[in-house]
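The block underneath contains the structure these notes are about, expressed in structure tokens.
The values are calculated or read from the model by the stated rules, or taken from the named source; none is laboratory data. Everything numeric in this text was worked out from a predicted model, so none of it was measured. Reconstructed Cβ throughout: ideal geometry from the backbone, glycine too, with neighbour counts over all protein chains shown. The area values use the complete protein model at the heavy-atom level, side chains included, leaving out ligands, DNA and RNA. Shrake-Rupley method; radii C 1.70, N 1.55, O 1.52, S 1.80 Å.
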Amino acid sequence: MAAQILTNVNHLRYFALFFLISCHMAYGGGGTWKLLLPNVGISAMHSQLLHNDHVIMYDRSNFGPSNISLPNGTCLNSPNDIVSKRDCTAHSIEYDVASNQIRPLTVRSNTWCSSGGLTPDGTLLQTGGDKEGERKARLFSPCDDNTCDWSEVDNGLATRRWYASNHVLPDGRQIIIGGRAQFSYEFYPKTNAPYLFSLPFLTQTDDPHDENNLYPSVFLNRDGNLFIFANNRAILLDYKKNMVVKTYPEIPGGDPRSYPSTGSSVLLPIKNLEDEMVQLEVLVCGGAPKGSFQLTSRNTHVKALDTCARIKINDANPQWLVEKMPRARVMGDMILLPDGHVLLINGGGSGTAGWERGREPVLNPDLYRPNKPVGSRFVTQNPTTIPRMYHSTAILLRDGRILVGGSNPHEFYKFTNVLFPTELSLEAFSPSYLESKHSSHRPRIVNLTSQSTINYGQILTLRFDVTGRVKSPVKVTMVFPSFNTHSFSMHQRLLILDHVFAVRRLGISSYEVKVKTPRSVNLAPPGYYMVFVVNQGIPSEGVWVRLQ
């Protein structure tokens, strides 16, 4: 490894964690935890999986040294660092999933509470931050020889973007929406002037003294417009005309669910792609009651919300359906699993996001099964032993595990004498579909070369092996890898592909299924996706494809 990991953490604590987490914990509905690395050098505030199965992580770069050195003895001048004006440590790393190793990367400007996502060619675009980084765009293009690093574009943004959200568009550009005191949106790369567009909806959802409209949830609709959720309500925006085409009602109860009263949201799996009017549903879970953020300043930590709200965004008269979660959760993450379920993970049971404002760590993930009846959709999963509070992340890996890192509710790195020490560890949650008892039902895709190119509206033939029984319907799912930070997985999208023919048996354990790839860039923006075959709820390992 190219860097020396410093030893500022309690090694005995991590030895105990390694022993505990490596074991299956019999509780609730299943799933297992494993500690991957006790110390990756930084606290993973932002995470993105790349199509070479490496994960880019970073935190902020102006609060003193991290726990991993920059390569080759490099040091950077850091005039805006509030601790040290010269920094020889890294604030971004690249994690290799296969080898379980890391290497440091070089970020030259402050990436604190920024946004990002993948471009169609697989490059990570990262936008904004604080101080000297607030108008930066940064690019990371994956490579196989471990020589690639961040490049930075000065004035890549038209205005300051701090706590903003990105979404990839049908033409491959990214839209950047909102941010602290920014009631507007813009595009990267910039095209023709004007470069900045007013969005009054963000002013309307800005709670005095609390905000509660930061990191707005953004999802691309079937018509090319954008569903934007902030605070407790949403709009459908025609970003080309800068016009609101639909206004959605407030979630019953009116409590805020955006940062810092941080809930989480997800676009539920998109199915029946060949229908003329594809239905899309958004799910918003958790958050904090009105006034919670201000009360934390007086050391009062109100119980978080224990409800989800779900809405069909293309209904003629769309209404929110509210349902109970197994527990209250704020600062949680929602991850689409390849079998079509949703995993709620991380967060606390009271308080809000922000430094020192969260309490009651929620150690148990909850599985949400969207096709079940209301009242039977949630299944509690086995707990971790590591609190993942403010500034923690979770992303889906190609092998079906969830990579979990981060948690730093402090202005600096603090490892002792605090409720929730800064977390430098990295762990993986394996849903129950990865248990060995399901191995005979687990498909293995055999004919699709990794990173193959596929086109819109084509017939895709997938051959796969299964040693046990194959039971119809076999599903084929496609997942766009998300950029995760602050409880929102930007660009996250799962599509269930329509069958052309039923599954056909080719040999003793060999099968074939033909499906139709998405027909529209509005349903599936161009870029890299993970493709899975799912048999009896058990997904294969994914295969990377590039949709164009």
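Results, tabulated for the structure shown:
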{"quantity": "FRET efficiency, GLN279 to ASN80 (Cβ-Cβ, R0 41 Å, nearest 0.05)", "calculated": "0.30"}
{"quantity": "Candidate aspartates and glutamates for bridging to LYS241, where Cα separation is under 17 Å - those fewer than 8 sequence places away on the same chain excluded", "calculated": "ASP171, GLU186, ASP223"}
{"quantity": "ASN317-ASP171 FRET efficiency (beta carbon distance; Förster radius 30 Å; 0.05 resolution)", "calculated": "0.45"}
{"quantity": "Residue-span extension gain [VAL245 to LYS471] - 0.36 nm each, minus C-alpha spacing", "calculated": "77.0 nm"}
{"quantity": "Value of relative contact order over segment 308-385, rounded to a whole percent, pairs C-alpha under 8 Å and six or more apart", "calculated": "22 percent"}
{"quantity": "Förster-model FRET efficiency, 22 Å R0, LEU196 and GLU152, C-beta, rounded to 0.05", "calculated": "0.60"}
{"quantity": "Fully extended contour minus Cα-Cα distance, from ARG504 to LEU295, at 0.36 nm per residue", "calculated": "69.2 nm"}
{"quantity": "For the chain, with +1 on Lys and Arg beta carbons and -1 on Asp and Glu, the positive-most of ASN314, ILE335, GLY116 along the dipole", "calculated": "ASN314"}
{"quantity": "Overall form of segment 76-144 per C-alpha gyration tensor (a/c, 1.5; a/b vs b/c)", "calculated": "oblate"}
{"quantity": "Projected label distance in nm at LYS437 and LYS303, using a 7 Å step from Cα toward the beta-carbon", "calculated": "3.4 nm"}
{"quantity": "CYS75 accessible area, 1.4 Å probe, all protein chains in place, Å² to nearest 10", "calculated": "40 Å²"}
{"quantity": "Sequence-distant residues sharing a close amide H with TYR259 (under 5 Å, placed H)", "calculated": "LEU214"}
{"quantity": "Binned Cα-Cα distances of segment 439-547, short to long, each 10 Å bin given as a whole percent", "calculated": "15, 47, 29, 9, 1"}
{"quantity": "Where a label projected 7 Å from the Cα of GLU512 along Cα→Cβ would reach, residues of segment 451-482 with amide N under 13 Å", "calculated": "460-464"}
{"quantity": "The chain: translational diffusion in µm²/s, Stokes-Einstein, Kirkwood Rh over Cα pairs, 20 °C, 1.002 mPa s", "calculated": "92 µm²/s"}
{"quantity": "Distance in nm between pseudo-label sites at LEU419 and ARG369 (7 Å out along the Cβ direction from Cα)", "calculated": "3.5 nm"}
{"quantity": "Relative contact order, percent, the chain [alpha-carbon distance under 8 Å, six or more residues apart]", "calculated": "14 percent"}
{"quantity": "Total charge dipole magnitude, segment 32-434, about the Cα centre, Cβ charges on Lys, Arg, Asp, Glu only, Debye to nearest 20", "calculated": "760 debye"}
{"quantity": "Low-density loop cleavage sites - trypsin sites (Lys or Arg not before Pro) in segment 78-158, where at most 11 other Cβ are within 10 Å (DSSP)", "calculated": "LYS85"}
{"quantity": "For a label point 7 Å along the Cα-to-beta-carbon line of ASP121, residues of segment 33-61 with backbone N under 16 Å", "calculated": "51-52"}
{"quantity": "Sparsely packed chymotrypsin sites (Phe, Trp or Tyr not before Pro) within segment 487-521, loop by DSSP, other Cβ within 10 Å at most 15", "calculated": "none"}
{"quantity": "Shape category assigned to segment 425-475 from the gyration tensor of Cα positions, a/c cut at 1.5", "calculated": "oblate"}
{"quantity": "Heavy atoms of SER452 accessible to a 1.4 Å probe, total area in Å² rounded to 10", "calculated": "30 Å²"}
{"quantity": "Out-of-range pairs (alpha-carbon distance over 21 Å; input LYS475/LYS516; LYS136/LYS240; LYS471/LYS514; LYS240/LYS312; LYS136/LYS190; LYS372/LYS437)", "calculated": "LYS136/LYS240; LYS240/LYS312; LYS372/LYS437"}
